[in-house]
1. What value, in deg cm²/dmol to 500, does the helix sum -39500 (n - 2.57) over DSSP H runs of n ≥ 4 give at 222 nm once divided by the residues of the chain?
2. If you plug each phi of region 30-40 into the Karplus form 6.51 cos²θ - 1.76 cosθ + 1.60 with θ = phi - 60°, what whole-Hz ³J(HN,Hα) values come out, in order, with x for Gly and Pro?
3. ³J(HN,Hα) across region 256-265 via Karplus (A = 6.51, B = -1.76, C = 1.60, θ = phi - 60°), whole Hz, x for Gly/Pro?
4. If I take R0 = 51 Å and measure r between the Cβ atoms of Asn318 and Glu16 in this structure, what FRET efficiency does the formula 1/(1 + (r/R0)^6) give, to the nearest 0.05?
5. First compute the accessible area of region 1-156 with a 1.4 Å probe, then give the percent of it belonging to carbon and sulfur atoms.
6. Over its Cα atoms, what ratio of radius of gyration to 2.2 N^0.38 Å does region 314-401 give?
7. Accessible area of Asp8, 1.4 Å probe, to the nearest 10 Å²?
8. Based only on Cα atoms, what mean projected area does the convex hull of region 53-152 have, in nm²?
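The values are calculated or read from the model by the stated rules, or taken from the named source; none is laboratory data. All of these numbers come straight from a predicted model, not from anything done at the bench. Note: ideal-geometry Cβ built from the backbone for every residue, glycine included; neighbour counts use all protein chains shown. Just the protein is used for accessible areas: all its heavy atoms, side chains included, with ligands, DNA and RNA removed. Shrake-Rupley method; radii C 1.70, N 1.55, O 1.52, S 1.80 Å.
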Amino acid sequence: MSTKWDKDEEVQRFREYLKIPSVHPDIDYDGCVEFLKKQARELDLPVAVYELVARKPVVVITWEGVHKQLPSILLNSHMDVVPVYEEHWTHPPFGAVISEDGFIYARGTQDMKSMGMMHLEAVRRLKTAGVRLQRTVHISFVPDEEIGGVDGMGAFAASEEFKKLNVGFALDESVPSPKPKEIIVFYGEKTSRQIVITCRGEPGHGSLVAAGPVRTAGEKLHYIIDKFMALRAQEKKKIDQGAWFGDVTSINLTQVEGGVQINVLPERLSVSFDIRIAADADHEEFENMIIRWCKEAGDGVTFEYVVKNPQVKSTILNDKLAFWKVMDKAVKDMGFILKPVVCPGATDARYVRQQGIPAIGFSPLFDSPLLLHAHDESLHVDVFKKAVDLMEKVIEAVANV
Ligand code: ZN
């Protein structure tokens, strides 16, 4: 089907990138790397491919600034996308079909091949217009964000190669806003902590009721679940009162295991919780509280982490951060507002913040439904084009600080 955007090169390049099926599991990134090398050639910019982990390439396209000794700007996006249930899609998820009403359908239109292309297209426009930026701009494309990013930005941000880029400020991803003139930005993230609590008790006949202190695994498990559920209810109340879900600690009971037979008191019962600690919560106190609860529950109650992510300090958004100040102004000048929130999940920005570098999640997608990881992920062409405008102004502003 032909559309009025067939001659729009920016839209066509975006579609070309979307058609590369860099989808989990077991991704072959070669198609993305070749595509990005071609973009670099067209832009006449140097490109480096780092393979810190085998088959997990990190692609960096660099546009040198006038003052190359100044800390640089990093524009990061991930190349991978999450799997699809093709039978639930109106158009093929790697077809990048543009519907009659102007929506591009493809996995990655929102999360986050669109931002990767905006970074490239904004630089292409600036370069074509003869602009020279003060700071060097690195456009990075990383693998594996959707499976935790350990072998992607995790490995890259901790490397010598990354240090050499001398990054002073980074942009990464956020989520679309449903409002027509609002853009959501992430300045911090919650911390993932997943724990298993094991309660050991005296085995025995299912009919026993012993006098004295707590002895059964069931009683101890009951105590632990009660404590976590009471805390969960407290946090949920904040949500019911209108809090943003990035600002509360989420606690979910996800697994219960143990026991051998219905008439035998179990030697062991365990319960697992998926916890995401609010960015401003005292993480150490949170751990101490769990230790205290285990002690109170009785003898033989222990806990271990399945995932214990370190607390990463949020990027503080105020006038002291000049990059933020100019970015906020550039967006306002275009008639939009930035809405800063804490990311309820996790993005690669945390690895950058961990290096002490301010990083902001910035997906300039407005007036769009939230379709990350959803069937029929799509983006309107007009939103994409306007988002390139916004990205261009923001890059120009932050790279001239
Ligand atoms: Zn993403």
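1. Calculated mean residue ellipticity at 222 nm is -9500 deg cm²/dmol.
2. Taking θ as phi minus 60°, the curve returns 3, x, 5, 4, 4, 4, 5, 4, 5, 4, 4 Hz for region 30-40.
3. 10, 9, x, x, 10, 7, 5, 9, 10, 5
4. The formula returns an efficiency of 0.80 here.
5. 51 percent
6. On the way: Rg = 14.1 Å, N = 88, 2.2 N^0.38 = 12.1 Å.
Normalised Rg, Cα atoms only: 1.17.
7. Asp8 exposes around 30 Å² with every protein chain in place.
8. 8.7 nm²
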